[in-house]
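Asks: I have a structure I would like to understand better, so I am pasting it below and will then ask my questions one at a time.
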Amino acid sequence: MPSTPRDSRTWLVGLPCRSDGSRIVWLYYVVGEAPDSAEAVRAAVRRANSASERDARGQVPVQPERAEVRRIRRHILGDFVLEAC
């Protein structure tokens, strides 16, 4: 099913971090208008490293090397699909 061209540069980026020193928690960010998945990850990491985000999770760092990225597409009929990258 074809996608609409206007949403082809929207990404869902998952960044893991370790809470309590052992449990992995995933933080998800929707990034719009990134030209590729690498830039989408960089944008998500910038958000995750903002002062308010770091304070909210107790200064626990994210692990960008383990990021998961999906392209968000909206089909002509309105359904959203997450495509692996």
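The values are calculated or read from the model by the stated rules, or taken from the named source; none is laboratory data. This structure is a prediction, so every number in the text was calculated from the model and none was measured. Cβ sites come from the backbone with ideal geometry, for glycine too, and all protein chains shown count toward neighbours. Side chains are part of the model used for accessible areas, which takes the heavy atoms of the whole protein and leaves out ligands, DNA and RNA. Shrake-Rupley method; radii C 1.70, N 1.55, O 1.52, S 1.80 Å.
Asks: Using only Cα atoms and rounding to the nearest 10 degrees, what angle (0 to 90) does helix 37-48 make with the longest principal axis of the chain?
Replies: 40
Asks: If you roll a 1.4 angstrom probe over the protein chains with everything in place, what fraction of the accessible area of the chain belongs to carbon and sulfur, to the nearest %?
Replies: Carbon and sulfur atoms account for 53 percent of the accessible area of the chain.
Asks: For segment 24-85, what does the relative contact order come out to in percent, with C-alpha contacts under 8 Å and a separation of six or more?
Replies: Relative contact order here is 22 percent.
Asks: Once the Cβ-Cβ distance between residue 60 and residue 85 is put in as r, and R0 is 25 Å, what FRET efficiency do you end up with, to the nearest 0.05?
Replies: On the way: r = 25 Å, r/R0 = 1.02.
That gives a FRET efficiency of 0.45.
Asks: Something else about it: When ligands, DNA and RNA are left out and all protein chains stay put, how many square angstrom of accessible area per residue does the chain have with a 1.4 Å probe?
Replies: Ligands and nucleic acids excluded, the figure is 62 Å² per residue.
Asks: Ignoring ligands and nucleic acids, what accessible area does residue 12 show with a 1.4 Å probe (Å², nearest 10)?
Replies: Roll a 1.4 Å probe over it and residue 12 shows about 40 Å².
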